[in-house]
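Undergrad: Sending over a structure as structure tokens; questions will come in a sec.
A short reminder: the numbers here are calculations on the coordinates, not readings from a lab. Note that the coordinates shown come from a computational prediction; the quantities given were computed from them, not determined experimentally. We place every Cβ from the backbone using ideal geometry, glycine too, and count neighbours over all the protein chains shown.
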Amino acid sequence: MTKRIFITATNTDIGKTYTSKLLLKEYASRGLKVGVIKPIETGVIDGFCPDGSELLELVKKLNSNFKNINIEDIVPITYKLPAAPFVASNNKKIDLKQIDKAIQKIEKLCDILIIEGAGGLYVPIYENFMMIDLIEYLNVSTLLLTHCSLGCINDTLLSKKVLEDRKLKHLVSFNCYKKDDNFSKVSEPYFIKSDFEVLKVNSDIDKICDVLYNL
């Protein structure tokens, strides 16, 4: 059975696509056939999916089974407006079977499937159905990606508590940018004192992959 890993974040622009690509490369280096899908992408103009295109380009290099896969296969639902799906679709209820069908097609080509979400856990997909509900529906292991700038303690703990309350299998990792050089002074001390393991995307991707694979 294909291992499913869902990539979510504490907010938008945290680095989900960047991290998804690192995961794909790391798992591929271990001899696993990797796959990727982004079920919903907004901000798609004239059929161009910024995130999906990056992911597709990489996975084709890593897994020859994807040679005949196109962007519609890995990004089955798109909207033009760069907003939450609820807004971008004018609250049009999506057909979850459309996502199921897309995932089933891609899973036949890989051992491990990276599923990239849109925005954070409480981004509304349609009324009363959030991104976290999609995570639960898909029955996946989840990587919660968080930032390293001021405010990350609050953002990280809030999102982690939501996952814990829903009893969803998850791991937290930090995506630190160069501008976040004060993380070790203003935020990391709290996590260390609280015995919160600080796994950083750029330096701990191997351990992150190990933990996610066994969740």
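Undergrad: Which chymotrypsin sites (Phe, Trp or Tyr not before Pro) does the stretch 81-173 hold that lie in a coil by DSSP with at most 10 other beta carbons within 10 Å?
TA: For chymotrypsin sites (Phe, Trp or Tyr not before Pro) across the stretch 81-173 that sit outside H, G, I, E and B with at most 10 neighbouring Cβ atoms in 10 Å, the list is empty.
Undergrad: Now a separate question. Normalised radius of gyration for the chain, please: alpha carbon Rg relative to 2.2 N^0.38 Å, two decimal places.
TA: Scaled against compact globular proteins, the figure is 0.99.
Undergrad: Another one. Hey, if you put +1 on the Cβ of every Lys and Arg and -1 on every Asp and Glu Cβ in the chain, which of Ile74, Asn90, Tyr126 ends up farthest toward the positive end of that dipole?
TA: Of the listed residues, the answer is Ile74.
Undergrad: Using alpha carbons only, how many degrees (0 to 90, rounded to 10) separate the axis of helix 96-107 from the longest principal axis of the chain?
TA: For helix 96-107, the angle is close to 90 degrees.
Undergrad: Ok, one more. Using only Cα atoms and rounding to the nearest 10 degrees, what angle (0 to 90) does helix 16-29 make with the longest principal axis of the chain?
TA: Helix 16-29 sits at roughly 80 degrees to that axis.
Undergrad: Considering only Cα-Cα distances, which of the following residue pairs are longer than 32 Å: Lys21/Lys80; Lys108/Lys161; Lys25/Lys93; Lys92/Lys200; Lys25/Lys167; Lys3/Lys185?
TA: From the list (Lys21/Lys80; Lys108/Lys161; Lys25/Lys93; Lys92/Lys200; Lys25/Lys167; Lys3/Lys185), the Cα-Cα distance tops 32 Å for Lys108/Lys161; Lys25/Lys93; Lys92/Lys200; Lys3/Lys185.
Undergrad: Let me ask something additional. Over all alpha-carbon pairs of the stretch 92-215, lay out the pair-distance distribution in 10 Å bins, whole %, shortest bin first.
TA: The calculated distribution, bin by bin, is 11, 39, 33, 15, 3.
Undergrad: To continue, here is another question. Angle check, please: helix 50-62 long axis (alpha carbons) against the longest principal axis of the chain (alpha carbons), in degrees 0 to 90, nearest 10.
TA: Value to nearest ten degrees: 80.
Undergrad: Using bins 5 angstrom wide from zero, how does P(r) for the stretch 104-156 break down, in % of all Cα pairs?
TA: Bin by bin from 0 Å, the calculated values are 4, 15, 21, 20, 18, 13, 4, 3, 0.
Undergrad: With no other cysteine's Cβ closer than 4.7 Å, which Cys residues of the chain count as lacking a disulfide-compatible partner?
TA: So far as the 4.7 Å Cβ criterion goes, Cys49, Cys110, Cys152, Cys209 stand without a partner in the chain.
Undergrad: Work out which GluC sites (Glu not before Pro) in the chain are exposed loop sites (DSSP not H, G, I, E or B, at most 13 other Cβ within 10 Å) and give the longest gap free of them.
TA: After excluding every exposed loop site, the longest remaining stretch is 1-126.
Undergrad: So for the stretch 44-93, what are the equivalent ellipsoid semi-axes in whole Å, largest first, each being the square root of 5 times an eigenvalue of the Cα gyration tensor?
TA: Three semi-axes, in Å: 26, 10, 8.
Undergrad: Turning to a different aspect of this structure: Please report, in debye to the nearest 20, how large the charge dipole of the stretch 3-214 is about its Cα centre when each Lys and Arg carries +1 at its beta carbon and each Asp and Glu carries -1 there.
TA: I would put it at about 380 debye.
Undergrad: Taking the Cα centroid of the stretch 114-161 and of the stretch 14-57, what is the distance between the two, rounded to the nearest whole Å?
TA: 17
Undergrad: Moving to a separate point now. For the stretch 85-133, what is the Kirkwood hydrodynamic radius in Å, using each pair of distinct C-alpha atoms?
TA: After inverting the pairwise mean of 1/r, the radius is 12.0 Å.
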